[in-house]
Amino acid sequence: MTRFLIPFESATGETRVAASPETVKKFIALGCSVSIETEAGSRAGYSDQTFSSFGADVVPKGDINTWANADALLCVQTPTLTSFSEMKHGAIAIGLLAPYGNKLL
């Protein structure tokens, strides 16, 4: 089972989230699991409760275990190097990754 992680976008002024609750529902229907960091969707108009009701596990921001177990990161902006370093070898990141390219994954 593929484990997706949707992080809280910490870039100043960023209001987007990498997946909507409906997208989460589709991933789960395909047999995937989805974790989303607390308040990741709030600036895009989605509550933690909404994501949870569509099947996502709402996890604390920066939870090391969640980052370490994710197979795929769905992001809008590039996460910090510290966050990347928590990911397991072979995990993929899908989103805007220009500053780091593929050097860390």
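The values are calculated or read from the model by the stated rules, or taken from the named source; none is laboratory data. Keep in mind it's a predicted model, so treat the numbers as computed, not measured. Methodologically, a virtual Cβ is constructed for each residue, glycine included, from the backbone with ideal geometry; neighbour enumeration extends over all protein chains shown. What goes into the accessible areas is simple: the full protein's heavy atoms, side chains included, and nothing from ligands, DNA or RNA. Shrake-Rupley method; radii C 1.70, N 1.55, O 1.52, S 1.80 Å.
Among the aspartates and glutamates, which fall within straight-line cross-link reach of Lys61, defined as a Cα-Cα distance under 15 Å, with same-chain neighbours fewer than 8 residues apart omitted?
Glu9, Glu37, Glu39, Asp48, Glu86
Just grab the label-to-label distance for Arg43 and Ile64, each label 7 Å out from Cα along the Cβ direction, in nm (one decimal).
2.7 nm
Keeping all protein chains in place, calculate the accessible area per residue for segment 18-87 (probe 1.4 angstrom), answer in Å².
Numbers: 3420 Å² over 70 residues.
On a per-residue basis, segment 18-87 sits at 49 Å².
What does the highest-first list of 11-18, 74-81, 53-60 look like by mean Cβ count within 10 Å? Write down the numbers at each step before the final one.
Numbers: 11-18: 13.5, 74-81: 18.2, 53-60: 16.8.
Per-residue mean Cβ counts within 10 Å order the peptides as 74-81, 53-60, 11-18.
Within a Cβ distance under 12 Å of Asp63, other residues only, what is the Lys/Arg minus Asp/Glu net charge?
Charge balance in the 12 Å sphere: -2.
Considering only protein heavy atoms and a probe of 1.4 Å, how much of the accessible area of segment 43-95 is carbon and sulfur, as a whole percent?
That share works out to 52 percent.
Could you give the nm distance between label points at Asp71 and Thr2, where each point is 7 Å from its Cα heading toward the beta carbon?
Placing both labels 7 Å along Cα→Cβ, they lie 0.7 nm apart.
Once you compute Rg and the Kirkwood Rh from C-alpha atoms, what is the Rg to Rh ratio for the chain?
0.93
If you take every residue apart from Cys32 with its C-beta less than 10 Å away from the C-beta of Cys32, what net charge results, scoring Lys and Arg +1 and Asp and Glu -1?
+1
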